[in-house]
Amino acid sequence: MKYKKENIEQVIHCIADMLNNNAELGTDGIGENFCHWLEDGEAFDFMVELKENFTEEDANECFELMEMLEDVVDNLTSKLYDIFEENKEEE
C-alpha cells in the first residue's frame with residue numbers, strides 16, 4: 001500500500017516525540033510500548049478532531065503505519081532501556 005507523505009511524517013513525529021519525552025524519564029519511561037504511547041491508535045482519532053485537513057483516512061493510514069513499525073520501535077526502546085539500566089548500575 002502507498003501512504004501519504006504527510007502521514008508517514010506524522011508517525012515519524014510521534015516516534016520522535018515519544019523518544020524525546022520518555023528519554024527524560026530514564027528507565028521509568030523509555031521502555032514504553034509504541035502503541036501504548038499512542039493510546040492503541042486512539043491518538044490518531046483525536047487528531048481528526050484537532051488537526052485541520054487530517055481525515056479518518058489519514059488516521060487509518062497512521063494506524064497501519066503504527067502497527068507496521070511497532071516491533072521496530074519497541075525493539076529500539078527496549079535496547080535503550082537496557083542501556084539506561086546498565087548505566088544506572090555503574091553509578
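We did not get these values from a lab; they are worked out from the coordinates using the rules stated. Quantities reported herein were computed from a predicted structural model and do not represent experimental measurements. Cβ atoms come from the backbone with ideal geometry, glycine included; neighbour counts cover every protein chain shown.
Remarks
- Taking Cα atoms only, the orientation of helix 56-90 departs from the longest principal axis of the chain by about 10 degrees.
- Dimensions (Å) - the range 49-91, Cα atoms, principal axes, largest first: 49, 21, 9
- DSSP loop trypsin sites (Lys or Arg not before Pro) with at most 16 other Cβ within 10 Å excluded, longest remaining stretch of the chain: 5-50
- Length available on full extension from GLU24 to GLU49: 0.36 nm per residue minus the Cα-Cα distance, which gives 6.1 nm.
- Computed about its Cα centre, the charge dipole of the chain is approximately 400 debye, with only Lys, Arg, Asp and Glu carrying charge at their Cβ.
- Between the Cα long axis of helix 5-23 and the first principal axis of the chain there is an angle of about 30°, rounded to the nearest 10.
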